[in-house]
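Peer 1: Okay, handing you the structure first.
The values are calculated or read from the model by the stated rules, or taken from the named source; none is laboratory data. Quick caveat, the model's predicted, so the values are computed rather than measured. As a convention, Cβ positions derive from the backbone with ideal geometry for all residues, glycine included, and neighbour counts pool all protein chains shown. Each accessible area value is taken on the protein alone, full model and side chains, heavy atoms only, with ligands, DNA and RNA left out. Shrake-Rupley method; radii C 1.70, N 1.55, O 1.52, S 1.80 Å.
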Amino acid sequence: MARAPAVLRILVILTALAAGGILLLPPSASAQEEVASAIRRYKDRETSTGYYEEHEVRPRRQRPFVEIPGVQVGLFPYSPSAAQVRNRSRLADSHMGIAFYTDKTCVACHPEQAKDIHTVRGNLTCRQCHGGEPIASIQYFHSPMNPIRKHAYVCAKCHEGSSASFASYIIHEPAPGSVAARKSFPTLYLVYWFMTVLLVGTLAFFIPHSFLTGVRELFTRKKEAKNDADTTH
Amino acid sequence: MITFLLQTATGFSRLYITTAWGKKINSVFGGYDTSLLIHKWVGVVMMVGFVIHTVYLLTRINWRTPMKSIFGEDSLVPNLADLKQFGQRILWFFGLGSHPRFSRWTYWEKFDYWAVYWGLPLLAITGVMMMYPLVTSRFLPGWSLNIAALLHRAEAILAVTYIFIVHFFIGHLRPSSFPMNEAMFSGSVPLKEAIEEKPAWVESLQNTGRLNEVSAAAPVLWYRVVYFVFGYAALIFGVYLLINGIMYARQVSLH
């Protein structure tokens, strides 16, 4: 019976060591390598599981057939051939077919994309990340911007050692309080409104509170304390 | 105080870098990158201060009677009495009741304290996340850095507006504290002021016979001069940062 506490103590020490050891482990995703998923490296050690994710299959050189469930154009479901606006997320040249394309600047069509820290503070130009013509769609298989290799081909130009997880930082973040953010980045939206309500609420409470304190104290005559209290601390 | 003002100045100088005013204060700190370096190191000093303060708090608890110590009269932990005193004070504002008899800490002093106590770790954690983005993205998804940047900025603005608007006024400038509440520098409160502001505290000290024990010497004159000059310089600097911050807020071209 006397041994039990000793065993327990050793167990606790081992658990603490293991917990400390976890912090020293190497990163779960090695940097500068292509990964099969933007979230996690392909099954960590790339052992074949016998199935492939969609983007691991090379696309054919054609306009992808895209259907949006529930969206119809006339009698037919939405499709690239039927739609007036094409889904351009998988094209080799994302700007294919745009009229007077060569006379336009990037921000003429993408004004919201020039308001983030990388553009405003880092003074990056669009082409420093997106490259020259033709600019491929983000999801195009061979694009350097494809999430499977963006961290190594684009981010790592400046952020040496960037991983796939690091590259999931939202460069063109939407205005945090906007309706667009509620759709595309709900966490940011909620954090923004939480902090805004906290700020406005705190000030809306404490500014009148301070003001009333000040006014009320003006109308209060100070009590005369005993003389010996004047210098006592 | 020094660290807070430095963090405000360096932080604002980067937030407002696209405006004329931002460029001006940024140049004082040696540019966009150097001001960040200062911001980081001052942040480290603040974090160390936070840890030391927390250790100090733990030593202040009487561990034989922890419940009484943590929730007692001298503690900064909010309790029902604060709620009652708040209600009394609202009535007093409009002349509808007598003034609450505050004990050692008033409810707004407790709010002040806890605002800093949760704000500092929040700023520290989000700040460290942005200092080491690659390490952070090993444990959290990269988009958490978007959140960290937003939280850091929002909490900083909250702290700065609260301190420079509310705290300065209620701590130092309101009629019964004017021209300055010297407790921060002198480490003591004039008995006269304590009787007026916190009668319940003085009474309980008298009842337990500890009043003589806690009484201290009044601060010497030269020291008072030094901290009056310092305190008012800090106040003017803070108000300067706040007013310019509000004036130039519309020109910050950042989402």
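Peer 1: With respect to B:Pro121, is the statement that it is outside any helix (DSSP H, G or I) and over 30 Å from A:Gly214 (Cβ atoms) true?
Peer 2: When the stated conditions are applied, B:Pro121 does not pass them.
Peer 1: Here's another thing I want to ask about it. Filter segment B:193-249 for residues that are open to solvent by less than 70 Å² (accessible area, probe 1.4 Å) and assigned to a loop (DSSP other than H, G, I, E, B); which is nearest to B:Thr10 (Cα to Cα)?
Peer 2: B:Pro219
Peer 1: Right, here's the next one. So if I check each of B:Thr19, B:Thr8, which one is of a type outside the set (A, V, I, L, M, F, W, C) and within 13 Å of another protein chain (Cβ to nearest Cβ)?
Peer 2: B:Thr19 is the lone residue from the list that is of a type outside the set (A, V, I, L, M, F, W, C) and within 13 Å of another protein chain (Cβ to nearest Cβ).
Peer 1: Exactly one condition in (1) facing another protein chain (nearest Cβ under 9 Å); (2) open to solvent by 30 Å² or more (accessible area, probe 1.4 Å); (3) of a type in the set (Asp, Glu) is false for B:Glu109; which is it?
Peer 2: (1)
To keep it simple, each residue is scored yes or no on (1) more than 30 Å from A:Ile117 (Cα to Cα); (2) of a type in the set (A, V, I, L, M).
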| residue | (1), (2) |
| --- | --- |
| B:Ser144 | no, no |
| B:Glu155 | no, no |
| B:Pro179 | yes, no |
| B:Ala183 | yes, yes |
| B:Val189 | yes, yes |
| B:Ala200 | yes, yes |
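Peer 1: Is it true that B:Pro190 is in contact with a His (Cβ under 7 Å, 6 or more places away or on another chain), crowded, with 17+ Cβ neighbours inside 10 Å and facing chain A (nearest Cβ under 9 Å)?
Peer 2: yes
Peer 1: Tell me, which residue of segment B:89-100 that is assigned to a loop (DSSP other than H, G, I, E, B) and surrounded by 14 or more Cβ atoms within 10 Å (Cβ to Cβ) is farthest from the other protein chains (Cβ to nearest Cβ)?
Peer 2: B:Pro100
Peer 1: Between B:Arg250, B:Arg174, which is among the basic types (Lys, Arg) and either within 13 Å of chain A (Cβ to nearest Cβ) or at positive phi (or both)?
Peer 2: After ruling out the rest, the residue left standing is B:Arg174.
Peer 1: Among what's in segment B:1-24 and is of a type in the set (A, V, I, L, M) and over 15 Å from B:Phe164 (Cα atoms), pick the residue that is farthest from the chain's Cα centre (by Cα).
Peer 2: B:Ala20
Peer 1: Does segment A:172-186 hold any residues that are surrounded by fewer than 16 Cβ atoms within 10 Å (Cβ to Cβ) and within 26 Å of A:Asn146 (Cβ to Cβ), and which are they?
Peer 2: Of everything in segment A:172-186, those that are surrounded by fewer than 16 Cβ atoms within 10 Å (Cβ to Cβ) and within 26 Å of A:Asn146 (Cβ to Cβ) turn out to be A:His172, A:Ala180, A:Lys183, A:Ser184, A:Pro186.
Peer 1: Can you pull out the residues in segment A:160-195 that are within 17 Å of B:Gly142 (Cβ to Cβ) and among the β-branched types (Val, Ile, Thr)?
Peer 2: A:Ile170, A:Ile171, A:Thr187, A:Val191
Peer 1: Of everything in segment B:127-160 that's outside any helix (DSSP H, G or I) and more than 7 Å from every other protein chain (Cβ to nearest Cβ), which residue is surrounded by the most Cβ atoms within 10 Å (Cβ to Cβ)?
Peer 2: Per the stated criteria, the residue is B:Leu140.
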